[in-house]
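Presented below is the structure to which this report refers.
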Amino acid sequence: MEANSKRHDKLNLLALYLKNLPDHIPLVPASATANGFDFYVADDEDVSDMGEIGALNREFEIRLGQRNNGPIIFKERGAGLEGVVDVFTNGWMISSRLQSMHTC
């Protein structure tokens, strides 16, 4: 239960950070965003090929760029980027569901 509480706290902090990105990063309306995490739906083919978590990871790499050992450079801010918190939340729920299926 403690891990879920810490995860929830981290997601809340991420949401706060994303809502308060510096003003020099352009504010892009949700309808024009390149990120579009506010309406993310996994691609069926990617899920079939890589599983749900793999498909999610691929989308992060496509939308935010691949960053193995470096920072993510945000090119925009707004609802499209802030939706990443919901995507993470859903991803952890999927991961937890998959882990519980394997332990039964």
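The values are calculated or read from the model by the stated rules, or taken from the named source; none is laboratory data. Since we're looking at a predicted model, the values are computed, not measured. Heads up, the Cβs are rebuilt from the backbone with ideal geometry, glycines too, and the neighbour counts pull from every protein chain shown. Areas reflect the complete protein model, heavy atoms only, side chains present, ligands, DNA and RNA absent. Shrake-Rupley method; radii C 1.70, N 1.55, O 1.52, S 1.80 Å.
Candidates LEU64, VAL85, SER5 compared by Cα position along the dipole of the chain: farthest toward the positive end lies SER5, with charges placed on Cβ. Relative to the longest principal axis of the Cα atoms of the chain, the long axis of helix 2-19 makes an angle of roughly 20 degrees.
Against the chain, whose longest principal axis is taken from its Cα atoms, helix 84-103 shows a tilt of about 10°.
Among (1) 50, 29, 15; (2) 50, 35, 28; (3) 78, 58, 23, which one is Cα extents along the principal axes in Å computed from these coordinates? Computing Cα extents along the principal axes in Å and matching it to (1) 50, 29, 15; (2) 50, 35, 28; (3) 78, 58, 23 gives (2). Accessible surface comparison of ARG63, ARG58, probe 1.4 Å, protein chains only, largest first: the order is ARG58, ARG63. When the solvent-accessible area of the chain is split by element, carbon and sulfur atoms take up 55 percent of it, the probe being 1.4 Å. Relative to the longest principal axis of the Cα atoms of the chain, the long axis of helix 44-64 makes an angle of roughly 30 degrees. Placing +1 on the Cβ of every Lys and Arg and -1 on the Cβ of every Asp and Glu, with nothing else charged, gives the chain a dipole about its Cα centre of roughly 460 debye.
Over the chain, DSSP H runs of length four or greater, each weighted -39,500 (n - 2.57), average out per residue to a 222 nm ellipticity of -20000 deg cm²/dmol.
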